[in-house]
């Protein structure tokens, strides 16, 4: 975060867009399957400590070739994000809960979007 502060020009605004960890935990879809461009994707999601882990099995429908992929994302609660940004000298100018600018609701918003500036 300190690097973001250092790169931000005085008067500039940093928009930090992140998942709302509480909403992710409450609405986790454990498994789903989809097809895209001739590839079947089976996704399995788990919560492992403070991480959201997605393990995918990708099957090429024409050849039957199978590949595995994994994503792991650290879930930060909005309070943690606020504390980290404040600790490096960024001021919270505002926040939203979605891309339309709705107010952030800790229980319902899909995202935490923070508008940050350099503290004076």
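Only the coordinates and a few stated rules stand behind these numbers; no lab work does. Note that the structure is predicted; figures quoted are calculated from it, not measured. FYI the Cβ positions are ideal-geometry reconstructions off the backbone, even for glycines, and counts take in every protein chain you see.
Would you check if there is a residue in segment 13-33 being out of contact with any strand residue (DSSP E or B) (no Cβ under 8 Å at 6 or more places or on another chain), farther than 26 Å from residue 67 by Cα and surrounded by fewer than 11 Cβ atoms within 10 Å (Cβ to Cβ)? Scanning segment 13-33, I find at least one residue that is out of contact with any strand residue (DSSP E or B) (no Cβ under 8 Å at 6 or more places or on another chain), farther than 26 Å from residue 67 by Cα and surrounded by fewer than 11 Cβ atoms within 10 Å (Cβ to Cβ), so the answer is yes. A Cβ distance below 9 Å, combined with a sequence gap of six or more or placement on separate chains, defines the contacts here; from segment 54-67, residues that are surrounded by 11 or more Cβ atoms within 10 Å (Cβ to Cβ) reach residues that are outside any strand (DSSP E or B) in the pairs 58/65; 59/65; 60/38; 61/38. The residues in segment 11-53 that are within 24 Å of residue 82 (Cβ to Cβ), assigned to a loop (DSSP other than H, G, I, E, B) and without any contact (Cβ under 8 Å) to a residue 40 or more places away in the chain can be counted, and the count is 4.
Only a single item in (1) under 30 Å from residue 11 (Cα atoms); (2) touching a residue at least 40 places away in the same chain (Cβ under 8 Å); (3) in contact with a strand residue (DSSP E or B) (Cβ under 8 Å, 6 or more places away or on another chain) is not met by residue 94, and it is number (2).
Scanning segment 76-116 for residues that are surrounded by fewer than 17 Cβ atoms within 10 Å (Cβ to Cβ), part of a helix (DSSP H, G or I) and in contact with a helix residue (DSSP H, G or I) (Cβ under 9 Å, 6 or more places away or on another chain) yields 80, 87.
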